[in-house]
Structures are given as structure tokens and as C-alpha cells.
Amino acid sequence: MTEEEKRRVGRPTNDPKETRMSVSFNAEQTKLINDYSQEKGITKAEAVRHGVNKLKVK
């Protein structure tokens, strides 16, 4: 096993998430994220990514 193979952990992906951020939300924001993620059948992290992607200027 090569050194690179040893460092890889988790599932292979075409869209690696290289940056980790810590953010605090109030109760209303948390409810919005939870409700959206349940409605769409996605994780809370993916729900937040959806919101961030909507910040793109067209």
C-alpha cells in the first residue's frame, strides 16, 4: 500500500470537502435547517451547502 493510499479515509468522491468550518445558529435558523433537510431528504451539512450555493452571483 502506498503512502497516498494510507492517507485516504472514507468513500471516494469527485467533490472532496477540504475545508471544515464551525458555525453557530440560533434556534430559528436551526429549525429552518432541520426542516429543509428533512423535506429534501438530505443531511444538515448538505442543506447548508445548498444555502451557500445560492449566494453565487449570476
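Within the accessible area of the chain, what % is carbon and sulfur when the probe is 1.4 Å and the other protein chains stay in place? Don't skip to the end; give the middle numbers.
Details: 3110 of 6120 Å².
C and S fraction of accessible area: 51 percent.
Cross-chain or 8 or more residues apart, Cα under 27 Å: how many lysine pairs in the chain fit that? Count them up, please.
Close lysine pairs found across the chain: 17.
So what is the accessible area of the chain per residue, in Å², with the probe set to 1.4 Å? If you can, show how the numbers build up before the last one.
Values: 6120 Å² over 58 residues.
I get 106 Å² per residue for the chain.
Arranged from highest to lowest average of other beta-carbon atoms within 10 Å per residue, in what order do the peptides 29-38, 11-20, 49-58 appear?
Details: 29-38: 13.3, 11-20: 5.7, 49-58: 8.0.
Most protected by this proxy first, the peptides run 29-38, 49-58, 11-20.
Karplus couplings for region 42-50 from phi (6.51 cos²θ - 1.76 cosθ + 1.60, θ = phi - 60°), rounded to Hz, Gly and Pro as x?
10, 6, 5, 4, 5, 4, 5, 4, 4
The values are calculated or read from the model by the stated rules, or taken from the named source; none is laboratory data. Quick caveat, the model's predicted, so the values are computed rather than measured. Glycine also receives a Cβ, built like all others from the backbone with ideal geometry; neighbour counts cover every protein chain displayed. These area figures cover heavy atoms from the full protein model, side chains too; ligands, DNA and RNA do not enter into them. Shrake-Rupley method; radii C 1.70, N 1.55, O 1.52, S 1.80 Å.
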